[in-house]
Amino acid sequence: MSVLQLHRSLYSADAIQAAAAAYAEFADAITVTESEVEYSVTFTAPDPDVPELLDAFANHVLFETAAARTA
Amino acid sequence: MAETATFHYDVDARSVGFVIDEELYSLDAIYGAAYLFVDRCWLFLDRPADKQVQVRLRSKEAEPAGGTLDALAGEFANELLNQVLRLRIGDSTRSLREYTLARAFFGDDDGERPNIDDLLAELDAEELADDPLEIQVPWDTGS
Amino acid sequence: MKTIELPRKSLTAETLGFFRFGEISPGRWVITNDAGEWEILSTAEFDALLAGTIETRESLTHKGFLRTGSDLDALAERVRRKKHFVGKGPHLHMVVTTLRCNQDCRYCHASRTNLDQVQTDMSLETAKKVVDLAMQSTSPYLCFEYQGGEPTVNFEAIKFIVEYSREKNRYEGKTIDHSLVTNFTWMDEEKAEWLIANDVLVCTSLDGPEELHNWNRTWRKGSNAFEQVMRWIAWFNARYIELGRDPKLWHIDALLTTTRRTLSQYREVVDLYVSLGIRNVHLRPLNPFGFATRTWKNIGYTTAEYLAFYEQALDYILELNLQGEEIMEGTAALFLKKMLTPDDPNFVDIRSPIGAGTGGVAYNYDGAVVTSDEGRMVLAMGDPLFKLGDAASLTYPEMVGHPTVKALAVASYLDSLPGCSTCFNAPWCGVRPLHNYMHTGDVFGQRPNTAKCAEHMTIARLLLNKLDDDPDGDVRRIFDRWTVDRPRQ
């Protein structure tokens, strides 16, 4: 299990959900929980063949966040 | 003498990190600059304090060559300044651009291109409705 | 902790019109706007423009970069002209008359079948439906482009579409071109005479000198595909002259597919095209999807390798132009038409929004209507995302208003894409949602990660830098020639 923390004021929930949908095939489950300051994205059984999965996921969330602000 | 912008960054074996003052560089500028590096870096944004954004750019190369990371830091700082300019030019010209694009794609709003109902109403008013030649003028040619 | 100090440019925004900008080489900045206008400035000039202290020059005002004195209505008219295509329907109608083909090219991942598979021929009934649908387009100009398989294997379908569309056009009054893309291995004099008599433009596939062409384009054992292409190019070109047609306008054109082996042979390829009187070498990278890993290893290359090849080939073509040869590079010509003329060439793959479904449509042999030829390939791979319906039942409003067409338009509208909306190349560029989808499963791609972004940025920079470093105007004169279309009629 791997966990990625993303600050609520910098990443949008919609962007995280979009990334989770795009990356669904790379883990048994991707779940998102939130605290007052952060979203926690938990990857259950992440694909071992994708060593930088969390990094790529974070880039994707950044892309979705930027896209939503541009549109 | 041009003003100078000063950026501080930390560097480790594979990444560089900036802490950026959101009062000076808006979130849109930060996103805009960071996004342009997604081909070369893994990017992480965090908030170490109120009104501050930490941007960490981690090279996709496991062992980046000497000098690469400092060059990357320079490029990012440069792009951040450019993004601020882009946003300010965009903001200050928004109404000009909206006018130009509306005029380009939707024609006039001042009645120069009336719709068919307006034309027919006008014809009625001028009692030309019984003039077959006028009625058959194709109103949309040349558009 | 380290420190960087950079000059902060001062900005007097209220003196400026809208523009995008980028540094195209050290100390040289390009500014562009929605009308496709542009200027290249030194760093000092760019800084002065931003600061509102630049010496007023007519071009900056006329092009709308300076606010005072600029004519917004005139600028709007130029934007309207540049984006004329958004008000028109699809003009390019790609018709797959059959999947049957007698070649088995290394890079062909369109679904081809062997010659005995006659069930993959388009029926005349389907061909009629295709014409009926295509001719409902609101575009005043249409081009039917015949593809395959090898389209001439089902020549009856080509004849039917040409004749039926001509008959139908007596009432429509559109300008219609017909264009055939053939490997020439199924050509005979009867077909050739008919094509000439009916003004069908003929384009062949020519991948370079004999060894390279035959390696790429596998034909039946013991035969020579290159010889066949040479024979028919000579035959057609001679026949056009016999019939009194201007050879500058009527000659065989050719399309090049770039494989790994092409990269080192750019001179030989260009020389061959020049020797055959072909005036357009259209360099395009292979679509890097749908290949088995082993095949890609044999024929593929990285984006960086392709772009290095492109730059060398472009330089060589320019060198030949300076010696008086009339030959141009096709992708550069598309960008130059956008940069140097008030119009846009309406090339469906390089525009914003993309022309998939709104500028061009592909019709499969069975009548399936797809957003593009690449969409047809994706359909052949089992994914119907880009299929819009069937020619037999699809209406024109359903076709151009299909949710997939709308999604592709949104995903390729540069003003709404991060990175693209502020890029200097936005007036000239175009993104490929289908490529994004094939690479990442999402039609919205992360622009900096895409090969098309690297390709289009490189080409724009190369062209702008050549125009900027042109003290005698030689490059500009050559590039201007590349933007001139010579209508055949």
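The values are calculated or read from the model by the stated rules, or taken from the named source; none is laboratory data. All of these numbers come straight from a predicted model, not from anything done at the bench. When we count neighbours, we look across all protein chains shown, and the Cβ atoms used for this are built from the backbone with ideal geometry, even at glycine. All accessible areas refer to the heavy atoms of the entire protein, side chains included, with ligands and DNA or RNA removed. Shrake-Rupley method; radii C 1.70, N 1.55, O 1.52, S 1.80 Å.
FRET efficiency for the C:L124 to C:D177 pair, using the beta carbon distance and R₀ = 30 Å, is estimated at 0.90. Accessible surface buried at the C:B interface totals approximately 3800 Å², computed with a 1.4 Å probe on protein heavy atoms. Only protein heavy atoms count here; on that basis, with a 1.4 Å probe, C:H282 has an accessible area of about 30 Å². Only protein heavy atoms count here; on that basis, with a 1.4 Å probe, C:D315 has an accessible area of about 60 Å².
Annotation for A:A13 and C:E163: the two label points, set 7 Å from Cα along the Cα-Cβ direction, are 6.6 nm apart.
Under the simplified labelling scheme, the C:L263-C:E326 pair shows an inter-label distance of 3.5 nm, with each label point 7 Å from Cα along Cα→Cβ. For region C:19-82 versus region C:359-406, the inter-centroid distance based on Cα atoms is 41 Å.
Modelled this way, with points 7 Å down the Cα-to-C-beta line, the labels at C:D199 and C:N224 are 3.7 nm from one another. Accessible surface buried at the A:C interface totals approximately 600 Å², computed with a 1.4 Å probe on protein heavy atoms.
The local environment of C:V274, defined by Cβ-Cβ distances under 13 Å, has a net charge of -4 under the rule Lys, Arg +1 and Asp, Glu -1. At a Förster radius of 45 Å, what calculated FRET efficiency corresponds to the Cβ-Cβ distance of A:A45 and C:S416, to the nearest 0.05? For A:A45 and C:S416, the calculated efficiency is 0.80.
Of C:S205, B:S95, the order by accessible heavy-atom surface (1.4 Å probe, DNA, RNA and ligands excluded), from most exposed downward, is B:S95, C:S205. Put simply, when C:441-449, C:298-306, C:248-256, A:21-29 are sorted by average Cβ atoms within 10 angstrom per residue, most first, you get C:441-449, C:248-256, C:298-306, A:21-29.
A cysteine counts as unpartnered when no other cysteine's C-beta lies under 4.7 Å of its own; in chain C this applies to C:C101, C:C143, C:C203, C:C420, C:C423, C:C429, C:C453. Summing +1 for each Lys or Arg and -1 for each Asp or Glu among the other residues whose beta-carbon sits under 15 angstrom from that of C:R81 gives +3. For C:K63, the lysines whose Cα comes closer than 25 Å to its Cα, not counting residues fewer than 8 places off in the same chain, are C:K9, C:K82, C:K83, C:K337, C:K338, C:K466. If you count the DSSP beta bridges with both ends in the protein assembly as shown, what percent of them are antiparallel, to the nearest 5? Around 65 percent of the beta bridges assigned by DSSP in the protein assembly as shown are antiparallel ones. Bridge orientation summary for region C:87-374: considering DSSP beta bridges with both residues in this region, about 10 percent are antiparallel. Using the Cβ-Cβ distance between C:Q312 and C:D480 with R0 = 30 Å, the FRET efficiency computed as 1/(1 + (r/R0)^6) comes to roughly 0.80.
In this structure the amide hydrogen of C:R8, modeled in the peptide plane, comes within under 5 Å of the amide hydrogens of B:E3, B:T4, B:A5, none closer than 5 places in sequence on its chain. Over the protein assembly as shown, accessible surface divided per residue gives 45 Å², non-protein components excluded, 1.4 Å probe.
Peptide B:40-48 has a mean of 6 when you count, residue by residue, the C-beta atoms of other protein chains within 10 Å of its C-beta.
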